[in-house]
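The values are calculated or read from the model by the stated rules, or taken from the named source; none is laboratory data. No experiment lies behind these values; they were computed from the predicted model shown. Cβ atoms come from the backbone with ideal geometry, glycine included; neighbour counts cover every protein chain shown. Accessible surface areas use protein heavy atoms only, side chains included; no ligands, DNA or RNA. Shrake-Rupley method; radii C 1.70, N 1.55, O 1.52, S 1.80 Å.
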Amino acid sequence: MFLSRYKLVFFSPTANTTAILDHLFAKFPEHVGKVGKYEKVAFRSHGTGQFQPTTGARPAIGTVGVLEFVEEDRVEVPVIDRVRDVVQELKAVHPYEEVAYDVYRVEDF
């Protein structure tokens with residue numbers, strides 16, 4: 001059976017990263033963070049995110065019309081199949097109103 005493999009990349013406030021990953025690992029133990037005989041695999045890189053909420057936004061952090069800078073993590077985590085379900089769950093547990101994420105298909109060579 002062929003399994004589709006992906007890399008999910010998302011950004012989160014540093015204070016929330018562990019809780020988000022722990023939730024995804026627990027909800028999808030066979031699909032998120034698995035590489036061979038390893039589990040809970042992820043890569044985090046730290047940086048500063050910026051955004052300016054516009055009229056109508058309900059920001060979890062910051063104020064409408066004000067440029068905000070937040071200590072964030074870029075998180076890369078492998079996903080096997082079920083990537084749409086994993087993204088929907090990420091959106092449900094993430095503190096941001098708009099979650100910044102990318103999904104990449106991973107190929108075997």
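Annotations for the structure displayed:
- Number of positions in region 33-50 that are farther than 15 Å from N16 by Cα and β-branched (V, I, T): 2
Okay, residues lined up against (1) closer than 26 Å to F109 by Cβ; (2) open to solvent by less than 70 Å² (accessible area, probe 1.4 Å); (3) at pLDDT 95 or above:
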residue	(1), (2), (3)
K7	yes, no, yes
T14	no, yes, yes
T17	no, yes, yes
D22	no, no, yes
F28	yes, yes, yes
Y38	yes, no, yes
V41	yes, yes, yes
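- All of (1) closer than 20 Å to E97 by Cβ; (2) open to solvent by less than 70 Å² (accessible area, probe 1.4 Å); (3) in a strand (DSSP E or B) hold for A57 with one exception: (3).
- Among the residues of region 97-109, those that are at pLDDT 95 or above and of a type in the set (F, W, Y) comprise Y101, Y104.
- Scanning region 60-102 for residues that are in a strand (DSSP E or B), over 18 Å from A42 (Cα atoms) and out of contact with any helix residue (DSSP H, G or I) (no Cβ under 7 Å at 6 or more places or on another chain) returns E68, F69, V70.
- Check on R105, basic (K, R), in contact with an Asp or Glu (Cβ under 9 Å, 6 or more places away or on another chain) and either assigned to a strand (DSSP E or B) or open to solvent by less than 60 Å² (accessible area, probe 1.4 Å) (or both): no
- Screening the candidates D85, D81 for the property of being more than 12 Å from the chain's Cα centre (by Cα), open to solvent by less than 50 Å² (accessible area, probe 1.4 Å) and within 30 Å of L3 (Cα to Cα) yields one hit, D81.
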